[in-house]
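Undergrad: Below: one structure in structure tokens.
The values are calculated or read from the model by the stated rules, or taken from the named source; none is laboratory data. The model shown is predicted, which means the values in this text are computed figures rather than measured ones. Every residue, glycine among them, receives a Cβ derived from its backbone with ideal geometry; neighbour counts consider all protein chains shown. Just the protein is used for accessible areas: all its heavy atoms, side chains included, with ligands, DNA and RNA removed. Shrake-Rupley method; radii C 1.70, N 1.55, O 1.52, S 1.80 Å.
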Amino acid sequence: SLNNQQYQLLQELGRGRFGTVFRCLHRASNRLHAAKLIHKRHLTDSTDRRCLQVEPKAMTFLSPHPNILQIIDTFEDADTTTLVLELCQRRTLFDRLSDDGALPEPHAASLAKQLLEALAHCHALGLAHRDIKPDNLLFDDANNLKLSDFGSAEWFGEGVTMSGVVGTPYYVAPEVIMGREYDEKVDVWSSGVIVYTMLSGIPPFYGESVSEIFEAVLRANLRFPTTIFRTVSAPAKDLLRKMICRDPSRRISAQQALSKFIFY
Ligand code: ADP
Ligand code: MG
Ligand code: MG
């Protein structure tokens, strides 16, 4: 249902909870993009429907940034909202971690820095992403990391506080599970969990069910098993402790975390 047949939809690239993403051809320029189709009938409650407005608005507001997925166009009809996006590779960070396991530290550090650059930009502009996880981290042709999927993003600051459970069990911050008001530091927690997983191949908080995972997250007992972390540097572990810190007021900010990367 792309307007005026300006675009031709090609093969499916992936799907999430609400969106199905296709490769698409912009006929006039002969360029390839991605088209994310969000079917409105799948969005039954008002929280879900929020993403229709917030996702294109947030992406437009944040762009351009080298580590944030570029939005190119938006179309709207009775049953579908379509976002035309910069095309990325098929394999997300989720696919890479599932296929290849742990990454060598210099590689993990480079990805961590790019993720923190994206976060620092969002947070400086007053946006929290709230769904930072490996399936939402994409790579362009030059292998630059691109933060995507702003459907759960929320504005903060100026007396505006956030609440409500959003995110994905392994990555969600303890204060979100506790149902407290929270701030943009939830994204730093999730990013810390991702960096830990990139370095070790295993998540820091694990359980057989969602409630077991949540219990482990709430305990926030961060450990670095020697067999797995033997080759990981002390500064990397120190940064992980500061990012995966239970108390959000003592947790490092994205901007402060970035200042630790001067040697990479
Ligand atoms: P949802 O909001 O439903 O989670 P996403 O925006 O995360 O939807 O997209 C779902 C999946 O589609 C992603 O995890 C990824 O595999 C793929 N995808 C999304 N955007 C792109 C893109 N620009 N280029 C390539 N693949 C993409
Ligand atoms: Mg997603
Ligand atoms: Mg989404």
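Undergrad: Give just the number: which of (1) surrounded by 16 or more Cβ atoms within 10 Å (Cβ to Cβ); (2) of a type outside the set (Lys, Arg); (3) within 16 Å of ligand 2 (Cβ to nearest atom) does Thr47 not satisfy?
TA: (1)
Undergrad: Kindly indicate whether any position in segment 185-197 is of a type outside the set (D, E, K, R), surrounded by 12 or more Cβ atoms within 10 Å (Cβ to Cβ) and more than 25 Å from Phe156 (Cα to Cα).
TA: Taking segment 185-197 and keeping what is of a type outside the set (D, E, K, R), we get 186, 188-197.
Remaining after also requiring surrounded by 12 or more Cβ atoms within 10 Å (Cβ to Cβ): 186, 188-197.
With the extra rule that they be more than 25 Å from Phe156 (Cα to Cα), the set shrinks to 196-197.
Taking every residue of segment 185-197 in turn, at least one turns out to be of a type outside the set (D, E, K, R), surrounded by 12 or more Cβ atoms within 10 Å (Cβ to Cβ) and more than 25 Å from Phe156 (Cα to Cα).
Undergrad: Would you check which residues across segment 247-264 are modelled with pLDDT of 95 or more, under 16 Å from His121 (Cβ atoms) and not polar (S, T, N, Q) and list them?
TA: Once the filter is applied, which keeps residues that are modelled with pLDDT of 95 or more, under 16 Å from His121 (Cβ atoms) and not polar (S, T, N, Q), segment 247-264 yields Ala254, Ala257, Leu258.
Undergrad: Evaluate segment 72-84: report whether one residue or more is touching a Ser or Thr at 6+ places or on another chain (Cβ under 9 Å), within 11 Å of ligand 1 (Cβ to nearest atom) and touching a residue at least 40 places away in the same chain (Cβ under 8 Å).
TA: Yes: segment 72-84 contains one or more residues that are touching a Ser or Thr at 6+ places or on another chain (Cβ under 9 Å), within 11 Å of ligand 1 (Cβ to nearest atom) and touching a residue at least 40 places away in the same chain (Cβ under 8 Å).
Undergrad: Quick one: in segment 30-44, of everything that is farther than 17 Å from Leu137 by Cα and basic (Lys, Arg), which residue is surrounded by the most Cβ atoms within 10 Å (Cβ to Cβ)?
TA: Lys40
Undergrad: Among the residues in segment 179-192, are any of a type in the set (S, T, N, Q) and touching a strand residue (DSSP E or B) at 6+ places or on another chain (Cβ under 6 Å)?
TA: No, segment 179-192 contains no residue that is of a type in the set (S, T, N, Q) and touching a strand residue (DSSP E or B) at 6+ places or on another chain (Cβ under 6 Å).
Undergrad: Kindly provide the set of residues from segment 121-150 that are buried (at least 19 other Cβ atoms within 10 Å of the Cβ), more than 14 Å from ligand 1 (Cβ to nearest atom) and part of a helix (DSSP H, G or I), ordered by number.
TA: His121, Cys122, His123
Undergrad: What residue, of Gly167, Gly159, is within 16 Å of ligand 1 (Cβ to nearest atom), surrounded by fewer than 24 Cβ atoms within 10 Å (Cβ to Cβ) and modelled with pLDDT under 90?
TA: Step by step, each of Gly167, Gly159 is checked, and only Gly167 is within 16 Å of ligand 1 (Cβ to nearest atom), surrounded by fewer than 24 Cβ atoms within 10 Å (Cβ to Cβ) and modelled with pLDDT under 90.
Undergrad: Which pairs turn up if I take residues in segment 88-110 that are closer than 30 Å to Cys24 by Cβ and at pLDDT 95 or above and look for partners that are of a type in the set (D, E, K, R) and outside any helix (DSSP H, G or I) with beta carbon separation below 8 Å, at least 6 apart in sequence or on another chain?
TA: Cys88/Asp140; Cys88/Lys146; Gln89/Asp140; Gln89/Asp141; Phe94/Lys133; Asp99/Arg91
Undergrad: While we're here: Let me confirm something: among Arg27, Arg23, which residue is open to solvent by 50 Å² or more (accessible area, probe 1.4 Å) and touching a Leu at 6+ places or on another chain (Cβ under 7 Å)?
TA: Residue meeting the stated conditions: Arg23.
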